[in-house]
Amino acid sequence: MTASNNSSPLSKLAQLGLRLPETAAPIANYTPFSRTGNLIFISGQIPISETGLDEKFKGKAGKNISLETAQAAARQAALNILAHANTAAGDLNKIRAIRIGGYVNATPDFNAIPQIINGASDFFVEILGEKGRHARFAVGVAQLPLDAVVEIEGIFEIIS
């Protein structure tokens, strides 16, 4: 089911059967987001849900995680980013994506890193519309916290 283009981000989430999760506390010495002026920098988010990190999102792309599962993990991490952006801005209608960064826990020969991060990029556009389009980077790494397959970070602008 696709969300309509003229509804609010929260309505689009609801149409997809989703809602913003409670924001997770950091697992180390950092803040989940930092705001300066009209910019919000959101720390890296892994695909944790309210029940924790699902076993299906643990491991390496190219070894025990399929492209589709890794894309779903990127989407869950993006949902967590939106929860923090909502807290920072007070309203998802007031944000515009500037840049996201994606890290994929992958084997050295795995070459579909950008396609995995598309799971997050596509989700931001689906929920935020044109305000979800962004610059980005996507890199493969040897390991991520809690053995997550993906971690996404983001920079958002608060707009009027």
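Exactly one residue out of 23, 31, 107 is hydroxyl-bearing (Ser, Thr, Tyr), in contact with a Lys or Arg (Cβ under 9 Å, 6 or more places away or on another chain) and open to solvent by 20 Å² or more (accessible area, probe 1.4 Å), and it is 107.
In summary, residue 75 fulfils each of the numbered conditions (1) under 16 Å from residue 127 (Cα atoms); (2) in contact (Cβ under 8 Å) with a residue 60 or more places away in the chain with the single exception of condition (2).
Here residue 107 meets each of (1) of a type in the set (S, T, N, Q); (2) touching a helix residue (DSSP H, G or I) at 6+ places or on another chain (Cβ under 9 Å); (3) at pLDDT 95 or above with one exception, condition (2). Among the residues of segment 120-147, the ones that are within 27 Å of residue 52 (Cβ to Cβ), out of contact with any strand residue (DSSP E or B) (no Cβ under 8 Å at 6 or more places or on another chain) and of a type outside the set (Phe, Trp, Tyr) come to 3 in all. Residues of segment 146-160 that are crowded, with 24+ Cβ neighbours inside 10 Å and either among the β-branched types (Val, Ile, Thr) or more than 15 Å from residue 116 (Cβ to Cβ) (or both): 149, 150, 152, 154, 156. For segment 76-94, the set of residues classified as under 13 Å from the mean Cα position of the chain (by Cα) and either at pLDDT below 95 or among the small types (Gly, Ala, Ser) (or both) consists of 77, 78, 83, 85, listed by residue number.
The values are calculated or read from the model by the stated rules, or taken from the named source; none is laboratory data. Computed from a predicted model, the values in this text were never measured in an experiment. FYI the Cβ positions are ideal-geometry reconstructions off the backbone, even for glycines, and counts take in every protein chain you see. Please note that ligands, DNA and RNA were not included when accessible areas were found on the heavy atoms of the full protein model with its side chains. Shrake-Rupley method; radii C 1.70, N 1.55, O 1.52, S 1.80 Å.
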